[in-house]
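Report on the following structure.
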Amino acid sequence: MAQTAEAKTIEEATVTIVSPQGRPDEKTRRYDRQLRLWASSGQAALESARILVISGGATSTSTLKNLVLPGIGEFTILDHLPVTYADAGNNFFLHVNGIGKSRAEEAVSHLAELNDSVKGKADTRDVNAVLENEPEFFLSFTLIIAVNLSPEIEDRLAQALRSGASTPRDTVPLMIVRTAGFYAMIGTQIGEHTVVDAHSETPPSLRLDNAFPALLEYARAIDLDSLDSTDFGHVPWVVLLVKALENWKQKHDGQLPKSYAEKQELKKSLEKMRRRGDEENFDEAVAQAYRMWTPTVVPSETRALLSDPSVTTITSSSPSIFYFLLALSHFVQQHSYLPLVPTLPDMHTTTDTYVELQNLFRAQADREMLVFEDCLKRAVEEVHETWEERESLGLGRAEVKEFIRNAAGVRVFKGKKWGSVEPSEIEASDQKPVTALQNELESGMLPAPAAVYLAFLCSADFYSAHARQPQPTEADNQLLTTYATQRLANGGWNGELPETVTTALGEIARAQGSDIPTTAALTGGLVAQEAIKFLTRQYVPIEGTCIVDLIRSTTGTLPF
Amino acid sequence: MGDISLPAPLPPPTWPNRFQHVDTLLDHPGPSTDPDFVGGEAVKRFLREDSKVLVIGAGGLGCEILTNLALMGFADIHVIDMDTIDISNLNRQFLFRPKDVGKPKAIIAAEFVMSRVPGTKVTPYFGKIQDKPESYYMQFNLVICGLDSVEARRWMNATLVAMVDPDVPESLKPMIDGGTEGFKGQARVILPSITSCYECSLDMLNKQTVFPICTIANTPRLPEHCIEWASVLEWPKVFPDKKLDTDDPEHIQWLFTHASTRAREFKIEGVTWSLTQGVVKNIIPAIASTNAVIAASCCTEAFKLMTNCAPRLDNYFMLIGTEGVYSYTFQHERRPECPVCGGETIDMPVKKEWTLERLIEALEERQDIQAKKPSLSVNGRSLYLQAPPQLERATRPNLEKKLVDLVNDGDELTVTAGSLPFNLTLRVLLKD
């Protein structure tokens, strides 16, 4: 559309010139509150996700609600059952008008209303039949959530996903969810999972224990004594710390202060540099003093990751993150730190000084990025790829910067299997909960998830044997107690059932496998949070099995 | 604004097995259930016919809370919200659709829940909690707050604590409070006068970043400083008669444009539309899943309190979903000097040489008090009044005076402020 400059209002003209990014479009406005968490990269990952939820019960729809709203690509509900009167009572996404109709279809139509950009599908086949006839069906999803299925089906599903994956890395993540009354359990089967941005709340190191040369030079050039009181009060704390530490090092053979007394002495020498005693920049410096004696190191978790075989033996088919990690391991062999992240915190000083200092950090970060790129080039050549192909390998400049910014928070999870174990492993599998239970009883603290976990296992034992949920009767309680005693004995437990276990068994029997709306909503919230973390590869997802205990209003995670 | 009369709901349509799931918890006690609990029809009737609860807020938490309460069988639900629906609510407030943008949240939420869960009665009030008298709050069995404002929570908390009459057990209204931020949140049960109250835990809130005016005016360093300059200093100068409306995109556009210009002048990078909006509206990230967890925790506790079918949360549940599923349940302790539920006076150590202005600054900085623009008096004599203008002018000279010339050691100061839902008494301790 042709438009002369005169035809524009002054405001429009200013905007076009001034703002590189204009007003957000409708989609950005709708998703504003979540984009502030996982940004457009996370959003893109959600939008390409295809999620399967098996069964259309209350916990399933509560979970899906929290995934449809933020805008996943598409979802499928697999459920062959019709809507019952009880379903219409506990499930917000089913209505009493739909009694007798397909539960999958009814739930999909009510869920799809929440977000026009999400595609919903109902699949009314029986999960058993699909496992039997078309196990490859499950491999086409990005994530599968299985809710309140029988343990046998859970196991077969987990098995189908494992055997269908060409490598552990490609295993479709599976979340297994069970609810009963005030209790819920969330388990996972994941292949290898990489967190690219953990959103750590620890700010990046400025490496002041060993200032980079340009910063040291800059600090040296400032002669505090020659400054008038205004300028003196505006020397940034970073510079004050570098100067104070340099003085210290000169008197101590270049060593950092080690003992508490030495650190206090250094802090005092910093205080002595004040003129009046109430300079704001010095207040800040004193508060940040610990940065002088905190040695810059490669975080131990990162170090462990760099020596992992998945990093040291990458192949040309490895995802780009592994190229980066291999490059990082080359980098830290030369240097004992991670590449500098040029994020300078705010500090009391003038605009010019702050910008100058910021530029120093940026220039240093750029230098280190080039060194890192050399390491990356080496990594690329080690797997017989050519450096010219870096863009197509996902190793462009923008990706390099992104990686360096998040490097300290990169995590690789090795993955975790779900489900049935070989007969020879039964004892070992019961040993883990027993160990967890012993730890709980010794600490006497909450949360105490092992007892509830055990109750879920026993409830499943009961279901396998009797094809129904346990009821709150003397006879069923007795049976549950027998299963618990057996499992504990397998795991090496001697003596009576602890009270925490009998309590949990009693609650499981009382619950009769019920799917309570509030428990469903809470569990659905937690499952969706974890699903979002798996899909976006941002934030740190659950490792192990989570137990929700709403009798005691706690959640706890078991490490297995 | 006002009570909106909706068509009277039809006689509760219900159906067999409607509460089959929830009934498992109400038919039988569990091993941890209070021995006084009697399962069966009486407790179900009480919940489904006689209970009356109030929900404050029909936003992110409110939508979830209303839905949960309806499905759990709460009969008579009231909801208060003064807001209208914005497009940025739709990523989590699932009772609203694009066609509802601009309409009152309380009314739309109530209508939706009643249509989806037949027989539930939800009475909306589109307005402020402060509009309602004590007698209004007295009619409920409990109050659930799903608010994003500290000030509204403080008001509700102080009101419910003040309502407690030790001789009238029903005057004690449990307050269940939820809050979220990103992947984190908390839910708590407050039994006014028995457990710690909202005011007791004020110092647990994150301190809000406040940029000093001199930084904004003279030495900006961050993009945020440029945005604050545009909104706090430039806007009132350019538009002395127009109040900044942070919901008006034209206003945000103006701030963004001017903040960008200033940033370029000072060689500062990073002013974006999103940051501008975030800073001036103090936007807190919010997602459906976290709201679901916290609202469900609140409603689980409401259900337990109403039916006694399981012990209540005592008294604080904190969720940190950024690293695995991590939560922490603990008992937050009462503060004996809590200005709302404690009896002890708050001590304020000050230096004799301080001016009154310095004392006011120190008061504003105290995280456990959070008084914005306080007015002070001692023994009925005004020391400094923020309003009306003529009294402000009359008391202004005191700001420069030294405390030692204004008060005696141990004097009790009365502090009032818009952010304080009560009069605060402070004992000044003069030190050298």
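The values are calculated or read from the model by the stated rules, or taken from the named source; none is laboratory data. No experiment lies behind these values; they were computed from the predicted model shown. FYI the Cβ positions are ideal-geometry reconstructions off the backbone, even for glycines, and counts take in every protein chain you see. Protein only, heavy atoms only, side chains kept; ligands, DNA and RNA dropped before computing areas. Shrake-Rupley method; radii C 1.70, N 1.55, O 1.52, S 1.80 Å.
For segment B:297-327, filtered to residues that are more than 7 Å from chain A (Cβ to nearest Cβ) and among the polar types (S, T, N, Q), the residue that is most open to solvent (accessible area, probe 1.4 Å) is B:ASN308.
The set of residues in segment B:9-52 that are under 30 Å from B:ASP83 (Cα atoms), of a type outside the set (Lys, Arg) and within 14 Å of chain A (Cβ to nearest Cβ) comprises B:LEU10, B:PRO12, B:LEU47.
The set of residues in segment B:1-40 being open to solvent by 30 Å² or more (accessible area, probe 1.4 Å), modelled with pLDDT under 95 and not in a loop (DSSP other than H, G, I, E, B) consists of B:ASP3 alone.
Per the conditions (1) open to solvent by 30 Å² or more (accessible area, probe 1.4 Å); (2) free of Cβ contacts under 8 Å to residues at least 40 places away in the same chain; (3) part of a loop (DSSP other than H, G, I, E, B), the sole criterion not satisfied by A:LEU256 is (2). Checking B:GLU337, B:GLU364, B:GLU344 one by one, the residue that is open to solvent by 30 Å² or more (accessible area, probe 1.4 Å), more than 14 Å from every other protein chain (Cβ to nearest Cβ) and part of a helix (DSSP H, G or I) is B:GLU364 and no other.
As a summary of the residue check, B:GLY73 satisfies the conditions (1) more than 30 Å from A:ASN477 (Cβ to Cβ); (2) within 28 Å of the chain's Cα centre (by Cα); (3) not β-branched (Val, Ile, Thr) except for the one numbered (1). Taking the numbered list (1) modelled with pLDDT under 95; (2) within 14 Å of another protein chain (Cβ to nearest Cβ) in turn, A:PRO236 passes all entries but (1). Only one entry in A:ILE77, A:ILE99 is closer than 30 Å to A:THR28 by Cα and among the β-branched types (Val, Ile, Thr), namely A:ILE77. What about A:GLU265, is it farther than 30 Å from A:ALA408 by Cα, open to solvent by 40 Å² or more (accessible area, probe 1.4 Å) and modelled with pLDDT of 95 or more? Taking the combined requirement at face value, the residue satisfies it. Looking for something assigned by TED's automatic domain parsing to the domain that holds B:GLN20 and assigned to a helix (DSSP H, G or I) - is there at least one such residue anywhere in segment B:116-124? Yes: segment B:116-124 contains one or more residues that are assigned by TED's automatic domain parsing to the domain that holds B:GLN20 and assigned to a helix (DSSP H, G or I). Residues that are among the small types (Gly, Ala, Ser), more than 7 Å from every other protein chain (Cβ to nearest Cβ) and outside any helix (DSSP H, G or I) within segment A:497-535 comprise just one, A:GLY513. With respect to being open to solvent by 80 Å² or more (accessible area, probe 1.4 Å), modelled with pLDDT under 90 and among the acidic types (Asp, Glu), A:GLU388 falls outside the description. A Cβ distance below 7 Å, combined with a sequence gap of six or more or placement on separate chains, defines the contacts here; from segment B:279-296, residues that are at the interface with chain A (Cβ under 7 Å from one of its Cβ atoms) and assigned to a helix (DSSP H, G or I) reach no residue that is open to solvent by 10 Å² or more (accessible area, probe 1.4 Å) and modelled with pLDDT under 95.
Scanning segment B:125-145 for residues that are of a type outside the set (S, T, N, Q) and part of a loop (DSSP other than H, G, I, E, B), we see that the one that is nearest to the chain's Cα centre (by Cα) is B:LYS128.
Count of segment A:361-385 residues, restricted to those that are assigned to a helix (DSSP H, G or I) and among the β-branched types (Val, Ile, Thr), is 2.
Return yes when A:ARG367 is surrounded by fewer than 16 Cβ atoms within 10 Å (Cβ to Cβ) and away from chain B (no Cβ under 13 Å) and no when it is not. Criteria met by A:ARG367. Taken across segment A:337-355, residues that are away from chain B (no Cβ under 11 Å) and out of contact with any helix residue (DSSP H, G or I) (no Cβ under 9 Å at 6 or more places or on another chain) do not occur at all. Within segment B:126-153, residues that are under 23 Å from B:ASN68 (Cα atoms) and assigned by TED's automatic domain parsing to the domain that holds B:LEU172 have Cβ atoms under 9 Å from residues that are of a type in the set (Asp, Glu) and in a loop (DSSP other than H, G, I, E, B) in these pairs: B:PHE126/B:ASP83, counting only partners at least 6 apart in sequence or on another chain. Evaluate segment B:78-88: report whether one residue or more is within 25 Å of B:LEU47 (Cα to Cα) and surrounded by fewer than 23 Cβ atoms within 10 Å (Cβ to Cβ). Yes, because at least one residue in segment B:78-88 is within 25 Å of B:LEU47 (Cα to Cα) and surrounded by fewer than 23 Cβ atoms within 10 Å (Cβ to Cβ). The set of residues from segment A:540-556 being within 9 Å of another protein chain (Cβ to nearest Cβ) and within 17 Å of A:LEU174 (Cα to Cα) comprises A:VAL540, A:PRO541, A:ILE542, A:GLU543, A:GLY544, A:CYS546. For segment A:148-182, the set of residues classified as within 14 Å of chain B (Cβ to nearest Cβ) and surrounded by fewer than 21 Cβ atoms within 10 Å (Cβ to Cβ) consists of A:ASN148 only.
Could you figure out which of (1) open to solvent by 30 Å² or more (accessible area, probe 1.4 Å); (2) touching a helix residue (DSSP H, G or I) at 6+ places or on another chain (Cβ under 7 Å) isn't true of B:ASP148? That leaves (2) as the condition not met.
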